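All of the numbers you see were taken from the coordinates with simple rules; none came from a lab. What you see is a predicted model; the values in this text were computed from it and never measured. Please note: Cβ atoms are built from the backbone with ideal geometry, for glycine as well, and neighbour counts cover all protein chains shown.
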Amino acid sequence: MIIEFVGADAEAAGKSVAALTSSWGYQPEPAPTVEPATGPDTKGVDPVAVASLVVSIPSAMLAVADITDRIHKRRRASELIERAQQLRDQQAAARLVREDRSIDLATLTPDQLLDLIADEPSAT
């Protein structure tokens, strides 16, 4: 993604957005710990139920990871758009540059920004 700054104070606008994005250090959350059950367990385990549980866990984990990732990205997109709106008030503009057009970040919603970034062909 390329962000272009135009206006009277484009350099300060770039530094402002750079300061915002540098504060976005990603820290993974620690995995929850599970304590073993206490006491004797005399119940049997249904192997079919265990197999179906084991098969369903990866897809559930993937769904939760996707939602969590979208929430983090949406929050960051919202912060970036708010900063672009502040810059617009200071007579500077932050624009998202794409191959076919350029879009003012201050006019987008967080979901629109994420969709534009997702539609962008990846650089390999």
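Say we look at the range 100-124 and pick out the residues that are outside any loop (DSSP other than H, G, I, E, B) and either touching a residue at least 60 places away in the same chain (Cβ under 8 Å) or among the small types (Gly, Ala, Ser) (or both); which of these is surrounded by the most Cβ atoms within 10 Å (Cβ to Cβ)?
Filtering the range 100-124 for residues outside any loop (DSSP other than H, G, I, E, B) gives 102-107, 110-119.
Still in the list and also either touching a residue at least 60 places away in the same chain (Cβ under 8 Å) or among the small types (Gly, Ala, Ser) (or both): 102, 105-106, 117-118.
Values: Ser102: 12, Leu105: 25, Ala106: 18, Ile117: 13, Ala118: 9.
The residue in question is Leu105.
Out of all the residues in the range 86-99, is one or more on the phi < 0 side of the Ramachandran plot, of a type in the set (A, V, I, L, M) and in a helix (DSSP H, G or I)? Please lay out each step first, then the result.
To start, the set of residues in the range 86-99 that are on the phi < 0 side of the Ramachandran plot comprises 86-90, 92-99.
Now restrict to residues that are of a type in the set (A, V, I, L, M): 87, 92-94, 96-97.
From what is left, the residues that are in a helix (DSSP H, G or I) are 87.
Yes: the range 86-99 contains one or more residues that are on the phi < 0 side of the Ramachandran plot, of a type in the set (A, V, I, L, M) and in a helix (DSSP H, G or I).
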